[in-house]
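The values are calculated or read from the model by the stated rules, or taken from the named source; none is laboratory data. Being a predicted model, the structure only gives us computed values, none of them experimental. All Cβ positions, glycine included, derive from the backbone under ideal geometry; neighbour counts span all protein chains shown.
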Amino acid sequence: MKATIYTYTVIRSSTIDFKDKTPYVAGIVESEEGKVAALIEGYQEGMPISIGQTVVFSHLDAKGNKVFRFE
Amino acid sequence: MNYRSVSVIGIGETKMGRLPDRSLRDLIAEAGNAAIADAGIDKSLIQALYMGNFNAQYLAFQGHMGSLAAEVLGLRNIPTVRTEGACASGSLALRQAVIAVQSGLYDVVLVGGAEKMTHRDTETVTTGIASAGDFELEASVGVTFPSVFAMIANRYFYEYGNAREAMAAVAVQNHANGALNPDAQMQKEITLQKVYDGVKISDPLTVFDCSLVTDGSAFIVVAATEVAKKITKQKIIEIIGSGHAGDYITAAQKESLTTFAATINAAKEAYTMAKVTPQDIDLAEVHDCFTITQIINTEDLGFFPKGKGPEAVLTGKTARVGGVVAINPSGGLKAKGHPIGATGISQVFEVVKQLRGEAGPRQVPNAKIGLTHNIGGTAATCVVHIFREAK
């Protein structure tokens, strides 16, 4: 499944559970199923990201939330 | 609808900041007793207490904040309630007090807020604040509270053009105002470059785009205006407008991330009740949890057209002196501080100070009508009040 980035940010200061993952990208992604907040994996420092960019469904996390990745 | 007129007759607050040696009890005692003394009334006149608090249960292991505050302030067995609506917890307390006094149930009530935050580490505070959003759908996928507003900033840039410089200018302006406020946590002026060079929190936000982690408390005495005239010699500041609205808690469900529906609706209710327009407002304490938020708020409150908030800041229209409307003369959440549950009441403290003409070096010239705007979470709760000296 593909989705587009509605908005995003690179997170550098996180909650306790994500402390080891920074920096990482989270965003709101839009697909035919609507908009959802999600982690977008595969960020490398300095890579260009833009609203409207396509991302790909990667897997469900342990809590059943959709995780996406950059193409 | 013919409700009774309601006024603020006393105000008190602590200095905001990192106050490691002070307990919640201590902060409540100082601000609450100051407000009662400012009104010059006997404590026995206070019939109920409304207490705003967001997160003491998590950050300080303290619930039942209404009862705690009543005991600390020697109010015996009056009814109390704690209100919680994330960062709007304080103004929600005022909203409930206004309704109770308007209706005739009570004549005189005390309204307060308190929060103690700085004794916990950053990740713990970030985790606590994340509960202002949806913990399952947002925090558990890695979304922090600042990151939601970073996403809002990026979406705003996409829809209206890059506002990075204006965001930095908001921080500079609020710090300059805070430097004139003895109660402010930050009393140092900063530069645009300092904002850009700050520690990165969540792009494009640096630490200087974010409001502060603060310990503090603020209280006000609220009374029916007709009763106020008999019991206080203090200048009576009437609450001429009150509005409260909600919106979806998750950012993803909102119709727009760059216009906050809750602000639009709460403001509409308050302006209608007050019979004033945005152009009548001389000063406003708006909820600048992040610099982008202040820009969006000044648009949603009707001070500037949509997309023109950045230009308004850059051209001095939000300045304390010489602008169109003085925004956050106290320094705002950005420089005065953001003791979450106390913030909504601390905003009222500032507006009342200004309307009484008691704001000293930070006085807004010709301040006649003031507004407070307090949002909770991702603008999922909004409370707006409008004030003017009673006739």
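Taken over segment A:30-42, the criterion of being crowded, with 24+ Cβ neighbours inside 10 Å and without any contact (Cβ under 8 Å) to a residue 12 or more places away in the chain is satisfied by A:37 alone.
Can you find a residue in segment B:270-293 that is aromatic (Phe, Trp, Tyr) and surrounded by fewer than 24 Cβ atoms within 10 Å (Cβ to Cβ)? Within segment B:270-293, one or more residues are aromatic (Phe, Trp, Tyr) and surrounded by fewer than 24 Cβ atoms within 10 Å (Cβ to Cβ).
With respect to the conditions (1) in a loop (DSSP other than H, G, I, E, B); (2) closer than 24 Å to residue B:145 by Cβ, residue B:201 lacks only one, and its number is (1).
What is the residue count in segment B:137-154 for residues that are surrounded by fewer than 21 Cβ atoms within 10 Å (Cβ to Cβ) and either touching a residue at least 24 places away in the same chain (Cβ under 8 Å) or more than 7 Å from chain A (Cβ to nearest Cβ) (or both)? Here the count works out to 1.
Residues that are free of Cβ contacts under 8 Å to residues at least 40 places away in the same chain, closer than 15 Å to residue B:321 by Cβ and of a type outside the set (A, V, I, L, M) were ranked within segment B:343-376; the one that is surrounded by the most Cβ atoms within 10 Å (Cβ to Cβ) is B:363.
Table: residues versus (1) within 14 Å of another protein chain (Cβ to nearest Cβ); (2) within 29 Å of residue B:96 (Cα to Cα); (3) hydroxyl-bearing (Ser, Thr, Tyr).
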position	(1), (2), (3)
B:207	yes, no, no
B:216	no, yes, no
B:230	no, yes, no
B:250	yes, yes, yes
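Within segment B:174-218, the residues that satisfy the criterion of being among the aliphatic types (A, V, I, L, M) and within 24 Å of residue B:126 (Cα to Cα) are B:184, B:186, B:195, B:199, B:201, B:205, B:207, B:212, B:213, B:218.
Here residue B:245 does not fit the description of being over 23 Å from the mean Cα position of the chain (by Cα), of a type outside the set (Phe, Trp, Tyr) and outside any loop (DSSP other than H, G, I, E, B). From the list B:203, B:183, B:209, B:134, the one residue that fits, being of a type in the set (Asp, Glu) and over 24 Å from the mean Cα position of the chain (by Cα), is B:203. Reported count of residues in segment A:4-29, each being more than 9 Å from chain B (Cβ to nearest Cβ), surrounded by fewer than 23 Cβ atoms within 10 Å (Cβ to Cβ), not polar (S, T, N, Q) and not in a helix (DSSP H, G or I), is 0. Suppose we filter segment A:54-66 for residues that are within 12 Å of chain B (Cβ to nearest Cβ) and crowded, with 16+ Cβ neighbours inside 10 Å; how many remain? Total meeting the criteria: 2. Quick test of your reading of the structure: residue B:200 fulfils all but one of (1) more than 8 Å from chain A (Cβ to nearest Cβ); (2) modelled with pLDDT of 95 or more. Name the failing condition by number. Status for residue B:200: all satisfied but (1). Among residues of segment B:62-99 being farther than 21 Å from residue B:347 by Cα and hydrophobic (A, V, I, L, M, F, W, C), the one that is surrounded by the fewest Cβ atoms within 10 Å (Cβ to Cβ) is B:78. You will find that of B:247, B:288, the residue that is out of contact with any Phe, Trp or Tyr (no Cβ under 9 Å at 6 or more places or on another chain) and either of a type outside the set (Ser, Thr, Tyr) or closer than 22 Å to residue B:7 by Cα (or both) is B:288 and no other. Looking at residue B:169, is it within 14 Å of chain A (Cβ to nearest Cβ), part of a helix (DSSP H, G or I), touching a residue at least 40 places away in the same chain (Cβ under 8 Å) and buried (at least 20 other Cβ atoms within 10 Å of the Cβ)? No: the conditions fail for residue B:169.
Elements of the type helices (runs of 4 or more DSSP H) sitting completely within segment B:287-381 and holding at least 1 residues that are over 22 Å from residue B:152 (Cα atoms) and among the small types (Gly, Ala, Ser): these cover B:340-356.
Of the numbered criteria (1) within 22 Å of the chain's Cα centre (by Cα); (2) more than 19 Å from residue B:120 (Cβ to Cβ); (3) not charged (D, E, K, R), the one residue B:37 fails is (1). Restricting B:214, B:225, B:232 to those that are buried (at least 24 other Cβ atoms within 10 Å of the Cβ), in contact with a strand residue (DSSP E or B) (Cβ under 9 Å, 6 or more places away or on another chain) and hydroxyl-bearing (Ser, Thr, Tyr) reduces the list to B:214. Does segment A:38-52 contain any residue that is facing chain B (nearest Cβ under 8 Å) and either out of contact with any strand residue (DSSP E or B) (no Cβ under 8 Å at 6 or more places or on another chain) or part of a strand (DSSP E or B) (or both)? The answer is yes, given that some residue of segment A:38-52 is facing chain B (nearest Cβ under 8 Å) and either out of contact with any strand residue (DSSP E or B) (no Cβ under 8 Å at 6 or more places or on another chain) or part of a strand (DSSP E or B) (or both). All conditions but one from (1) under 17 Å from the mean Cα position of the chain (by Cα); (2) surrounded by fewer than 19 Cβ atoms within 10 Å (Cβ to Cβ) apply to residue B:57; the one that does not is (1). For segment B:177-194, how many residues meet the condition of being in contact (Cβ under 8 Å) with a residue 40 or more places away in the chain and assigned to a helix (DSSP H, G or I)? Counting residues in segment B:177-194 that are in contact (Cβ under 8 Å) with a residue 40 or more places away in the chain and assigned to a helix (DSSP H, G or I) gives 2.
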